[in-house]
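Heads up, the thing below is written out as structure tokens.
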Amino acid sequence: MNLYPYGNFTIPLFPVLLSYAIFRYQFLDIEVIIKRTLVFAGLVGSVVAVVSLVAFVSQDVLSRFVEIPKWLSNVFAAMVIAGLYGPLRNRLVNVTERYLFQKKYDYKELLKRFTDEVMVMVDLRQLVQMTVNTLSETVKLDGASLLLLDKDKRTYDLAASRGLNGRQVAFGEQEQFIRFLRETHEPIGLDGPLAKVRFPGSVHLCLKQLNARLCLPLNLHDDLIGVLCLGKKKSDEEFTKDDLDILLPLARTLAIAVSNAELFEELAKTQAEAAQKEKLAVIGTLSAGINHEICNPLGIVKAQCEAFLLDVEDGILVGKTSGDLLDRTTAIMRGALKQIDRATAITQKLSNFAKPIKEPTAQPVSVAQEVDEVLMLVGHDLTLEKIAVEKAIAPDLPPIVVDRRQLQEVLFNLIRNAAQAIAPPGTIWVRAHTGGEGQVRIEIADTGSGIPPDKLGKIYDPFFTTKEPGKGTGLGLFIVRQIVERNKGRISVESVVGKGTTFFLDFAAARETSVPARG
């Protein structure tokens, strides 16, 4: 059928339909083409501008003020251009590689970096941040983020991010975005095959909040424990099926790493709780000594007040001048305040020791002061048990860099263990001196029964104890070693059956000799 000339009227419809397809369905990825064309044109323009400016300055401006031959100005221009050529070329190469001809990331490099740097971490905070940084740098993304399940609140909170400008994001379990990932175990994306899936508007809103083009579920035993969100590639390329073939196994591996780190964190929390229970149990055994330290000053205050009241009732103060009475009451009040300060100090020290340590802080600490603090808590009990304490701490001993309260806990446990190993009477020595290579060594020795060689290697094992049933939990030395190592120190022991045991603590000496004052 001959449509001429009517068929000619349909020719203008073709470019209209093609343009519609390009912008509506991203046919030919016109956005990338336009961006790259503009960037390339800008780079060419900058090169022309630099060369033209150098030629103008050297040949026109310079020749007007300085009488030099034209050939010399040409030589000068050539030298300037030659000097700028290297840096300008390197800059252009970097820019064009980044925006125009960016190489596809090497999946082997990605997997190797991820395995070497991320999978070996047990610290959850470091793990999630390193994951985000490694993926952003290797895949060359504008940003990335990681959501993790908060088991208490049942929400997925932002654990680490790069490119979100500090925004805080959280999604509930019933959010359509989360429900899709949890129920399908499939990724959500705006590129490649995933772009064909028609997600609800709320899902697109979540992606916008996360600045993400691709979200991968972190599944473990059919449970969604997190979501890995990847932003746009700097090259403007889409996430392809090849990318998904690499990133999906990586997400499954990351789920295992996150689970392990969370278990390790829970174990550390459990150990901290066990340590706190051990500490409180020990404080209970010190009740007699603490009662003595508090009741003594209160008894002195009571006696002074009662003596004054008896003098009043017996008429002894009759006829005394007001000055004499004022001097008497002033002396009583001063004595009372002194004894109250003494009782307050012991209760404050006990309270500080009993508090759980939430955020350890390393600082220069005086060994002599901390030993005195601990002996104030246990000294009365040792006296009642006829155990003497001998101190030999070098007067010029430099401070050590540790958490002060954790050091007290270590000294407390070791001195208490030493006392329990002694059949009274006996002696505990607390010595401290400088060691080699900027170290300070603390020694705690006793005249106790000693530890048999076959048990010496087990004393740091959790729940191992040489004490009678019901007299020890077996966690004391286990906790002590953890605290010492957490403060970058070392602990060792020597023991001779029938003669006693000596524990050695080695810590780094502080470079500054000043020790912060304590309240």
Scan of the stretch 435-452 for residues that are closer than 14 Å to Phe504 by Cα and either over 31 Å from the mean Cα position of the chain (by Cα) or at pLDDT 90 or above (or both), ordered by number: Gln439, Val440, Arg441, Ile442, Glu443, Ile444, Ala445, Asp446
Residues in the stretch 151-166: is at least one on the phi > 0 side of the Ramachandran plot, at pLDDT 85 or above and among the basic types (Lys, Arg)? yes
Ser145 under 23 Å from the mean Cα position of the chain (by Cα), surrounded by 17 or more Cβ atoms within 10 Å (Cβ to Cβ) and farther than 24 Å from Leu263 by Cβ: no
The condition of being among the aliphatic types (A, V, I, L, M) and at pLDDT below 90 holds, among Ala368, Ala331, Ala388, only for Ala331
Considering the stretch 165-178, residues that are in contact (Cβ under 8 Å) with a residue 24 or more places away in the chain and farther than 23 Å from Leu244 by Cα, and then whichever is surrounded by the most Cβ atoms within 10 Å (Cβ to Cβ), we arrive at Phe171
Restricting to strands (runs of 3 or more DSSP E) lying wholly in the stretch 396-448: which have 1 or more residues that are in contact with a Phe, Trp or Tyr (Cβ under 8 Å, 6 or more places away or on another chain), crowded, with 23+ Cβ neighbours inside 10 Å and not aliphatic (A, V, I, L, M)? 439-446
Residue count, the stretch 372-392, condition surrounded by fewer than 18 Cβ atoms within 10 Å (Cβ to Cβ) and under 12 Å from Ile444 (Cβ atoms), comes to 4
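Residue by residue, here is whether (1) at pLDDT below 85; (2) farther than 20 Å from Gly143 by Cβ; (3) surrounded by 19 or more Cβ atoms within 10 Å (Cβ to Cβ) holds:
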{"residue": "Ile188", "(1), (2), (3)": "no, no, yes"}
{"residue": "Pro200", "(1), (2), (3)": "yes, yes, no"}
{"residue": "Val203", "(1), (2), (3)": "no, no, yes"}
{"residue": "Cys206", "(1), (2), (3)": "no, no, yes"}
{"residue": "Asn211", "(1), (2), (3)": "no, no, yes"}
{"residue": "Cys229", "(1), (2), (3)": "no, no, yes"}
{"residue": "Glu237", "(1), (2), (3)": "yes, no, no"}
{"residue": "Leu247", "(1), (2), (3)": "no, no, yes"}
Check on Ile178, within 29 Å of the chain's Cα centre (by Cα), closer than 27 Å to Glu266 by Cα and outside any strand (DSSP E or B): yes
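Matching residues to (1) part of a helix (DSSP H, G or I); (2) in contact with a Pro (Cβ under 9 Å, 6 or more places away or on another chain); (3) over 30 Å from Leu377 (Cα atoms); (4) β-branched (Val, Ile, Thr):
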site	(1), (2), (3), (4)
Ala303	yes, no, no, no
Asp311	yes, no, yes, no
Lys320	no, no, yes, no
Gly323	yes, no, yes, no
Arg328	yes, no, yes, no
Leu337	yes, no, no, no
Asp341	yes, yes, no, no
What are the residues in the stretch 418-445 that are touching a Leu at 6+ places or on another chain (Cβ under 9 Å) and over 14 Å from Ile393 (Cβ atoms), if any? Ala419
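The values are calculated or read from the model by the stated rules, or taken from the named source; none is laboratory data. Not measured: the values here are computed from a predicted model. Glycine gets a Cβ as well: all are built from the backbone with ideal geometry, and neighbour counts include every protein chain shown.
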